[in-house]
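A short worksheet on the structure shown next.
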Ligand SMILES: Nc1ncnc2c1ncn2[C@@H]1O[C@H](COP(=O)(O)OP(=O)(O)OP(=O)(O)O)[C@@H](O)[C@H]1O
């Protein structure tokens, strides 16, 4: 790594010994750095493109630029078949046969009662070591995701925003992001951004998530409020990009304005070739991000799939109003 990057004293070794939910920050490759896919032909990665209509007073809605009708299907990004998984330590089964297909350009939401397995599913997808897959298959962009190490999953274009983002004491946000972006550039055979170049790259992303520049010099997530951490996660997504972003409860802890900012930033990241899989409990996020599909998870499987009307039904009648299809 270029010395010019290291304005803040920084060593990868400081990223070790992090809690288990910090697998993306392990030092083997500096996390599932949300690095780009091996296919470098995708034009839409890492861009905050405005394929969306945004107004302050109306829900954020995606508008397809692909020219495809609703009935024409995009390329499959993720295909999960009969996925089962247990907690590595106790061998308790949590996922009991999850099936899900996500295509390019689609936003999917997973809802479900507390403890139904939503976060476990998300974490299994990114290869969290707390869980062991015991059956089924997961293909991501035509490759066997389950055979990839967590950092390879990131290299393949998977990003996950955790329900409880980790803190990284001693590492400033800007150093972290710069290092992550430059690691990615190195993989692509590109020269690293120096500090000035990086700031030019970062500025529009910072503006897109409406984040104060003061947060850049603070240690990653250290002392951030719950909402600030969530906003910072979306900044990471904006900076690092992804073919598929898994967002676990990004709405938790956000005030109404922050919710709109974060939702707007996520919508701004959508392109016809990437996708979002979000876990949420509340319709309000879905009103902004407008998923194509809403799935209900119950006891480790998806028991119902529909459109946003399911979320409205849930809001009004609770889970008892949703009977498995
Ligand atoms: N590492 C772990 N160790 C022990 N139990 C676990 C672990 N991970 C998940 N579980 C258990 O598995 C079940 C599913 O948890 P998970 O976090 O996936 O649920 P969830 O649907 O995301 O819930 P919530 O809506 O409350 O976030 C819960 O009973 C939880 O206690």
Quantify how much of the Cα-Cα distance distribution of segment 281-325 extends past 18 Å, in percent. 20 percent
Expressed in nm to one decimal, what extension gain is obtained for the pair residue 164 and residue 132 from 0.36 nm per residue of sequence separation less their Cα-Cα distance? 9.4 nm
Nearest 0.05, what FRET efficiency do residue 319 and residue 149 give at R0 = 25 Å with Cβ-Cβ as r? 0.10
Förster radius 30 Å - calculated FRET efficiency between residue 257 and residue 199, Cβ distance, rounded to 0.05: 0.70
Using the Kirkwood formula on the Cα atoms of segment 119-261, what hydrodynamic radius do you get, in angstrom to one decimal? 16.3 Å
Compactness check, segment 104-195: C-alpha Rg relative to the 2.2 N^0.38 Å globular estimate gives 1.31
Which order do the peptides 285-292, 177-184, 132-139, 314-321 come out in when sorted by mean C-beta neighbours inside 10 angstrom, highest first? 177-184, 285-292, 132-139, 314-321
A correct Stokes-Einstein calculation for segment 159-223, using the alpha-carbon Kirkwood radius, 25 °C and 0.890 mPa s, returns a whole-number D in µm² s⁻¹ of 192 µm²/s
Cut-off 12 Å (backbone N to label point 7 Å along Cα→Cβ of residue 89), residues of segment 114-148: 130-131
Ordering of 141-150, 104-113 by burial proxy (mean other Cβ atoms within 10 Å per residue, highest first): 104-113, 141-150
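Coordinate-derived values only; no laboratory data. Everything numeric in this text was worked out from a predicted model, so none of it was measured. Every residue, glycine among them, receives a Cβ derived from its backbone with ideal geometry; neighbour counts consider all protein chains shown.
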